[in-house]
Every structure is written in structure tokens, then in C-alpha cells.
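Please read the structure below before turning to the comments.
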Amino acid sequence: MNEPRAFHPTLRQLRAFAAVYQLRKLSAAAQQLSLTQSAVSVLIRQMEDGLGTRLFDRTTRSLHATPAAQEAIVVAERILRDVDSLGTGLRELTALRRGRVSVAVTPTLGEIVLPAALRRFAQDHPDIHVAIDDCAPDQFVARVVSGQVDFGIGTPEQSAADVDTRTLRRDHLALVLRHDHPLARQRRVRWAQLDGHAVITVRPGYGIRPLIDATAARAGVALNVVNEVAFLSTALWMADCGLGAAIVPAAYAAHGLHAERTVLPLSGPRVSRDVALVTKRGRSLSPAAQRLAEVLADSLRG
């Protein structure tokens, strides 16, 4: 014996049923729904046929809800409330009236590029929560690929097939020195001139270190690395203390610049190290995340 086919009412049918139940007249329900009376009648009949039961007993002047209708209205109104709530929620997300954005960034880069952008974003969109995932450079891409964050700000160490990058600021490697360092009076420093000088950089295989080692090898110089650190912010204050010359991206070097610090471009070769917006390939940003990305791009261009 065949089982009766499941019936799935449409939203039009549910809205017509709810309107007729509340108003008890087809004409009034039709006016409320901006439909013709015959269209409402058809929708109610479709509901009754699908459910296999009568929903209203018809008289010449009005309709009377049956016991089946009294049970069905509870479910129908709940569905319609949920649908309306969903629509309202999505409109609020699209209009940036609420939402959440999560961003992965290394601590040092976050300190440099985020404050101005986040202040502006919070002022324009106070009901959107921004969560910052401050992570180590070797964890940065994994956070984006795993979907733990909406996007990241930084520079992936290797091009990855599962992320897309959009350059936000063109940058290059620079040398940070105390003002009394032997190389501080030059306009620029060639990589070969680092020979014999104490150098501070991040630890092997970490952050910009592979780029530094590869560039030094191309320039034919063996760097005298006296301190290897986990974060570029540490390299900066070490250079400020005269413990060596720090090799860092120019954007970092200019942060907190003071009278005793000299920042010089590294050349021969000049090496690009750009700040990028990193997203998971094939994943669309939410309206809130897209807006924050735009604010960040504007902030870094300024």
C-alpha cells in the first residue's frame, strides 16, 4: 500500500491560511494580501487538498475554523514568524546594523595597520563586533584556510592554492639602526655592506627570515645574525638599543620612529614585502567583512 505523499505548503499558502484564519473572510484576507479573492480561495483549497482535511466550514457570511485549522495555525504562524525573522536578520546584516567580523593578523602588524581603521569602522558601524585573532606568522594562513577568521591581513610566506591575496600596501625590506651606527649616515644600504655587521632578524624559517636568507645569498653576503626573535617588534627595540641592525619591512620600521632610530632602504637587490588582504579561495565575505576590508584598504592608502 502506498503511503500518502508528504505535503509541503508554500509560504503563499501559509500566509493565505493565516490571513483567513485571523480575519474569517476571504475578501478581507485578499485585501490584506493584495490578492484577488479567487486567488486566496485557491490557496486555501490547495492547503486543504494537501493536508487531506477541511480547514474552514463556509457559510454565506463568514468562515469558521475547524479543529484541524486550530492545530495548523500554531505551526503556520511559527513558520511565518521564523521566515520574517530570517528576512529581518538578513536585511540587518546587509545594512550593517549588526554582525561579526573576525580578522587574523600578527601582533606587530596589527598594531601598525589596524587602530585607525578599526576606530573609523566602529564609529560608522557601532553594532558590528570585530574580533581580532592575533597569531604568529606561521599560523596566519592556516587561520584563513580553516575558516576560523573571515580574512587575514599580512603576507603569506608561500603562495597557496587555497587563498587569494589583494595587495593593500606596497612595501620593501629596510634596515633599522641606531643613529650612531657606522652605516647610519648613508642614504641607502646595499646587502653586501652588511658583511661583518651584527644583524637582528626573526628566527630561521619564520616570518620574513626565508626571504632575508635567500636575498643575502643572492647578494653573496653571509649575515652575522646575533639575535633571532619571534616578533619584529622585538627586533625594533633591540636595534634601538644598539644591539645590531634589524632587517624588517619598512612599514614596521617607520612605526614609532624616534630621534635615535634611522631607517634606511636595503638595495642590491631591493626586495618587496607587501601587506595583503588574504581570503579563503571560493569564500564570499559577509557585508560587514567586505566593508571592514574596504575601510582597511582606504586607511592603508592614506
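Just so it is clear, none of the values below were taken in a lab; they were calculated from the coordinates. What you are looking at is a predicted structure, and each value in this text was computed from that prediction instead of being measured. Using ideal geometry, Cβ is built from the backbone for each residue, glycine included, and neighbour counts are taken over all protein chains shown.
Diffusion coefficient of the chain by Stokes-Einstein, Kirkwood radius over Cα pairs, 20 °C, 1.002 mPa s: 89 µm²/s. Look at Thr201, Thr234, Thr279 and count the other Cβ atoms within 10 Å of each Cβ; fewest to most, that gives Thr234, Thr279, Thr201. The magnitude of the dipole of region 11-94, with charges of +1 and -1 set on the Cβ of Lys/Arg and Asp/Glu and taken from the Cα centre, is near 300 debye.
With Cα atoms defining each centre, region 116-179 and region 213-264 are spaced 21 Å apart in the structure. Computed over region 173-267, the percent of Cα pairs more than 19 Å apart is 29. Between Ile79, Gln31, Val42, the Cα set farthest toward the positive side of the dipole of region 1-79 (charges on each charged residue's Cβ, about the Cα centre) is that of Gln31. Among rounded, prolate and oblate, which fits region 111-192 when a ≥ b ≥ c are the square roots of the eigenvalues of its C-alpha gyration tensor, a/c under 1.5 means rounded, and a/b larger than b/c means prolate? Oblate. Relative to the longest principal axis of the Cα atoms of the chain, the long axis of helix 287-301 makes an angle of roughly 30 degrees. For region 106-220, the residue among Val144, Gly110, His179 whose Cα projects farthest onto the positive side of the dipole built from Cβ charges is His179.
Kirkwood's formula applied to the C-alpha pairs of region 11-94 gives a hydrodynamic radius of 13.3 angstrom.
Charged side chains reduced to their Cβ positions (Lys and Arg at +1, Asp and Glu at -1) give the chain a dipole of some 860 debye around its Cα centre.
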